[in-house]
Amino acid sequence: MKRTILLTGKTGQLGSELLRSLRRFGEVIAPDRNELDLRDPETIRLVMRDVKPQLVINAAAYTAVDAAETDEAGALAVNAEGPQVLALASKKVDALLVHFSTDYVFDGSKNIPYVESDSPNPLNAYGRTKLAGEEAIRNSGADHLIFRTSWVYATQGRNFLLTILRLATEREELKIVDDQTGAPTCARDLAESTVKVLARAIGRTQEPIAFSNFNGIYHATAAGQTTWYEFAKAILEEVAQAPQNLPWFTSATNGRPIIASRVLPTSTKAFSSPTHRPSYSVLANGRLMAGFGVALADWRTQLRGCFSSNGR
Ligand SMILES: NC(=O)c1ccc[n+]([C@@H]2O[C@H](COP(=O)([O-])OP(=O)(O)OC[C@H]3O[C@@H](n4cnc5c(N)ncnc54)[C@H](OP(=O)(O)O)[C@@H]3O)[C@@H](O)[C@H]2O)c1
């Protein structure tokens, strides 16, 4: 019997990659937000009742970090209340729930990579709502895997990579903050790693999945660390070396030439953002390796991957 997988957030950076990666793992049912709105408990329960999945992958989230500052209730509904309903419904049908969380649950006061047992202390509304989502899932009694990731980008969507490419067609000089350190993680690599984890954990067994031994939080980010400033410089280095006829690149730049020739470091303070972000949010991925033998590639290798494949 084929495994049935319910995927939310298929239009997002990670969800669209998961839609592709998960197909080799089972039959994927992927409602959009009109069909399953995380703010609407009844639609969640209805879809879960109809689909009766063995696996639920929640890639949907309220990810607008700045907007969440003035709409914390809206972010909480999507990032915590909806996932709680999803988790309770997953428990009811014995499904494993895979959920994604964020490095922004931490306050950045460490200067060595955070491990899963470190105490969260989010600095912003988005981080608080994502932490509430983690807690709701952990308390639901459903089998679950929560992958905390960071600085997600892809060749579509809204992200730092595409913003830098657009700005690089408009300005000769880019000023980018160099006092936040993290690990930029490519959505495609994270999706592939998620499927690897599932394959290692579940293997060929069919439902019900005996999963409780694996339940918990796992850090899942690109290896290594960098700053936004260094990341921006690396993006322009890749541009200088890569064939610039990749379809996603042409779309990101609107076909215009790159004119930026300098990237200068600046401080978070100079940007006067309404949102506090951790100055250091690197996550140690040792538990993912110990539990499943899965490691994500280094951030620079992941970035290069975007520029080297026509499929992206
Ligand atoms: N982006 C990052 O830098 C980052 C960093 C750390 C962790 N994460 C986590 O990684 C996961 C994936 O993030 P992402 O960057 O792929 O997100 P994304 O590109 O912003 O996509 C979010 C997805 O959620 C859907 N969605 C939003 N509100 C919804 C609702 N009320 N009901 C149902 N679906 C809804 C969106 O649908 P529409 O297209 O219809 O809006 C979209 O498909 C999330 O859990 C996020 O918190 C992301």
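Checked against (1) within 25 Å of residue 239 (Cβ to Cβ); (2) open to solvent by 70 Å² or more (accessible area, probe 1.4 Å), residue 290 meets all criteria but (1). Exactly one condition in (1) closer than 29 Å to residue 181 by Cα; (2) in contact with a helix residue (DSSP H, G or I) (Cβ under 7 Å, 6 or more places away or on another chain); (3) more than 11 Å from the ligand (Cβ to nearest atom) is not met by residue 89; state its number. Failed condition: (1).
Of the residues making up the stretch 198-210, at least one is open to solvent by less than 30 Å² (accessible area, probe 1.4 Å), of a type outside the set (Phe, Trp, Tyr) and under 17 Å from the mean Cα position of the chain (by Cα). Of all residues in the stretch 105-122, none satisfies being open to solvent by less than 10 Å² (accessible area, probe 1.4 Å) and modelled with pLDDT under 95. Of the residues making up the stretch 23-54, those that are of a type in the set (A, V, I, L, M, F, W, C) and either modelled with pLDDT of 95 or more or touching a Cys at 6+ places or on another chain (Cβ under 8 Å) (or both) are 28, 29, 30, 36, 38, 44, 46, 47, 48, 51. Being in contact (Cβ under 8 Å) with a residue 40 or more places away in the chain and touching a Leu at 6+ places or on another chain (Cβ under 6 Å), is that true of even one residue in the stretch 116-129? So far as the stretch 116-129 goes, yes, one or more of its residues are in contact (Cβ under 8 Å) with a residue 40 or more places away in the chain and touching a Leu at 6+ places or on another chain (Cβ under 6 Å).
Just for the stretch 293-312: of the residues that are small (Gly, Ala, Ser) and part of a loop (DSSP other than H, G, I, E, B), which one is surrounded by the most Cβ atoms within 10 Å (Cβ to Cβ)? Only one residue fits best here, namely 297.
Matching residues to (1) assigned to a loop (DSSP other than H, G, I, E, B); (2) away from the ligand (no atom under 15 Å from the Cβ):
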| position | (1), (2) |
| --- | --- |
| 110 | yes, yes |
| 118 | yes, yes |
| 142 | yes, yes |
| 164 | no, no |
| 175 | no, yes |
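The condition of being surrounded by 15 or more Cβ atoms within 10 Å (Cβ to Cβ), over 26 Å from residue 20 (Cα atoms), in contact with a helix residue (DSSP H, G or I) (Cβ under 8 Å, 6 or more places away or on another chain) and touching a residue at least 40 places away in the same chain (Cβ under 8 Å) holds for residue 281.
In the stretch 25-33, is there at least one residue being out of contact with any His (no Cβ under 7 Å at 6 or more places or on another chain) and under 15 Å from residue 85 (Cβ atoms)? Yes, some residue in the stretch 25-33 is out of contact with any His (no Cβ under 7 Å at 6 or more places or on another chain) and under 15 Å from residue 85 (Cβ atoms).
Confirm whether residue 234 is open to solvent by less than 80 Å² (accessible area, probe 1.4 Å) and outside any helix (DSSP H, G or I). Here the answer is no, as residue 234 does not meet what is asked. In the stretch 123-160, which residues are more than 16 Å from the chain's Cα centre (by Cα), open to solvent by less than 20 Å² (accessible area, probe 1.4 Å) and over 22 Å from residue 213 (Cβ atoms)? Correct list: 124, 125. Residue 169 satisfies every condition listed in (1) open to solvent by 30 Å² or more (accessible area, probe 1.4 Å); (2) more than 15 Å from the ligand (Cβ to nearest atom); (3) outside any strand (DSSP E or B) except (1).
The values are calculated or read from the model by the stated rules, or taken from the named source; none is laboratory data. What you see is a predicted model; the values in this text were computed from it and never measured. Ideal geometry is used to build each Cβ from the backbone, glycine not excepted, and the neighbour counts take in all protein chains shown. Please note that ligands, DNA and RNA were not included when accessible areas were found on the heavy atoms of the full protein model with its side chains. Shrake-Rupley method; radii C 1.70, N 1.55, O 1.52, S 1.80 Å.
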